[in-house]
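Colleague: Here it is: the structure, laid out below.
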Amino acid sequence: MPHIMDNPANDSDDGDSGSSTPNPLPFPPVTKQHILHCSVGSWYPKFRNVTPKTRIIPLTQAFMNYLHADSIILPDDDDADYDEEKDVSKDWRELHQTIKATISELDGAVLPKLNWSAPKDAANMNANTMICRFPREICLLLKSSDFVSHDLDNAFDGCVDANPDSPLSKTDIPYVLVLRKAVMGWNPSVEFRCFVRNKKLLCISQREKGLFPFLHNMRDKLQSMIKVFFETRLSTFEDDNFVFDVYVPNPYTQVWLVDINPWAPRTDPLLYSWTELHAMDEPLDEPEVPDGAFLRMTIDPAKREEMVPILASQEAAEKEKEAAEHEDVEEMDDPYLPELRLVKPGDPEANLWASGQYSAYKLPLEVVNAGQSPEGIAQMARDWKELVNQQQPESEDSE
């Protein structure tokens, strides 16, 4: 999903407040291959057993052309009234039927996305929901979404080729439509974003920005479950650095993989900043028992019966000693659990319910473009003033 990068001024380690050149974040070069590895079509076959029920539909060039077209003309989902001359999907009618059949297979309600992004910014075009029951609703969301446009036109922006001798281009991207079964009662408060650096789970953030007090009581359990899930399920992912999203539904005994995202500025760090993530110490390695740490002893069978009560007595005494030493001492935290950052009372994110989700993407395009430079804002102000002055005489004449 496209993400507005951290404020560069905040990411500068230079103490000179007057400096206009911030220090860049130490991102490793983001390769096009890494972006492709994070495509659902690439990772889903490997991890489908721990992913919500999903279907992958390869997209045809005709449908890609339809998504790129400026107009929003939706296909007719009624086969009885099908008119080929008027049907916008006539060039991809077979794909249309596949989408329709897949929706039916997934119990009649799906959540769509392309390779990387879901059209969440366009949900207001579909009665403020991402759930689709007809192909035309999927088309409406895809064609109305800036996130989807980024997938189509800017997937490789800022990327390099892992192998310069075999460069990749946009035409090498195997575009797919991803349809996930809509689960009634899906609870976004138990979705979490997990950050992996150098094959180690660095930290975890709640995804839904809001205050959920019950999560604080589950902190240790969530940290442990997600850590075990990462170590047992995601160790085969191709890249050393990546970001993955999980869902831990009630009764909080199972972890589901929802998405895998690039380790890149385009991925939203949520309650962290990329500056924090790059500066954070990696978790310690699990201690290994060195060779020769144990001494193997052989006891004469004739002496074995005599030794049993002696060893039992020594073991009991050792346990009593340990219990006395640890009495009234709190149990130490597991040093290998990744940090889990949750919204706390008083945090700015605790009061985000009043703001519209993805409201930053609902500005007119002219305003966004003008905001790229001070001169753009000034020119927009002049144009607006001129427009108001032109409308004033018309208003006076009408009176």
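The values are calculated or read from the model by the stated rules, or taken from the named source; none is laboratory data. Bear in mind the structure is a predicted one, so any value in this text is a computation, not a measurement. In this analysis, Cβ positions are derived from the backbone assuming ideal geometry, glycine residues included, and neighbour counts consider all displayed protein chains.
Colleague: Of the residues that sit in region 129-165 and are more than 23 Å from Ser89 (Cα to Cα) and among the polar types (S, T, N, Q), which one is farthest from the chain's Cα centre (by Cα)?
Modeller: Residue satisfying both the conditions and the ranking: Asn163.
Colleague: Restricted to region 252-282, and to residues that are in a loop (DSSP other than H, G, I, E, B) and of a type in the set (S, T, N, Q), which residue is nearest to Asn115 (Cα to Cα)?
Modeller: Ranking the qualifying residues of region 252-282, first place goes to Thr267.
Colleague: Taking the stated definitions as given, is Leu168 over 15 Å from the mean Cα position of the chain (by Cα), more than 17 Å from Leu59 (Cβ to Cβ) and buried (at least 17 other Cβ atoms within 10 Å of the Cβ)?
Modeller: Criteria met by Leu168.
Colleague: For Asp83, are the conditions met, namely being buried (at least 16 other Cβ atoms within 10 Å of the Cβ), assigned to a loop (DSSP other than H, G, I, E, B) and at pLDDT below 80?
Modeller: When the stated conditions are applied, Asp83 does not pass them.
Colleague: Next question. In region 142-171, what count of residues is obtained for those that are among the charged types (D, E, K, R) and within 16 Å of Ala69 (Cα to Cα)?
Modeller: 4
Colleague: With more than 25 Å from Gly41 (Cα to Cα) and in contact (Cβ under 8 Å) with a residue 60 or more places away in the chain as the only criterion, which of Phe212, Phe229 stands out?
Modeller: After applying the criteria, what remains is Phe212.
Colleague: Inspect region 109-123 for any residue being within 15 Å of Ile73 (Cα to Cα), modelled with pLDDT under 95 and not in a loop (DSSP other than H, G, I, E, B) and give the result as yes or no.
Modeller: The answer is no; no qualifying residue exists.
Colleague: Within 17 Å of the chain's Cα centre (by Cα), among the hydroxyl-bearing types (Ser, Thr, Tyr), over 30 Å from Trp92 (Cα atoms) and surrounded by fewer than 21 Cβ atoms within 10 Å (Cβ to Cβ): is that true of Ser235 in this structure?
Modeller: no
Colleague: Consider Lys199 carefully, then state whether it is on the phi > 0 side of the Ramachandran plot, under 18 Å from the mean Cα position of the chain (by Cα), surrounded by 14 or more Cβ atoms within 10 Å (Cβ to Cβ) and not aliphatic (A, V, I, L, M).
Modeller: yes
Colleague: Could you please tell me which pairs satisfy a Cβ distance under 7 Å, a separation of 6+ or placement on different chains, a first residue in region 133-162 that is among the polar types (S, T, N, Q), and a second residue that is in a helix (DSSP H, G or I)?
Modeller: Ser144/Ala122; Ser144/Met125; Ser145/Asp121; Ser145/Ala122
Colleague: Given the structure, is Thr236 among the β-branched types (Val, Ile, Thr), assigned to a helix (DSSP H, G or I) and over 30 Å from Asp107 (Cα atoms)?
Modeller: Criteria not met by Thr236.
Colleague: Would you check if there is a residue in region 316-331 being of a type in the set (Asp, Glu), modelled with pLDDT under 60, outside any strand (DSSP E or B) and within 26 Å of Met225 (Cβ to Cβ)?
Modeller: yes
Colleague: Please go through region 179-196 and pick out each residue that is touching a Pro at 6+ places or on another chain (Cβ under 7 Å), under 30 Å from Leu67 (Cα atoms) and crowded, with 19+ Cβ neighbours inside 10 Å.
Modeller: Result: Leu179, Arg180.
Colleague: Condition (residue is modelled with pLDDT of 95 or more, surrounded by 15 or more Cβ atoms within 10 Å (Cβ to Cβ) and of a type in the set (Val, Ile, Thr)) applied to region 88-100: is it met by at least one residue?
Modeller: Looking through region 88-100, at least one residue is modelled with pLDDT of 95 or more, surrounded by 15 or more Cβ atoms within 10 Å (Cβ to Cβ) and of a type in the set (Val, Ile, Thr).
Colleague: Right, another one. Give the number of residues within region 27-63 that are under 24 Å from Pro249 (Cα atoms) and either touching a helix residue (DSSP H, G or I) at 6+ places or on another chain (Cβ under 8 Å) or not in a loop (DSSP other than H, G, I, E, B) (or both).
Modeller: 13
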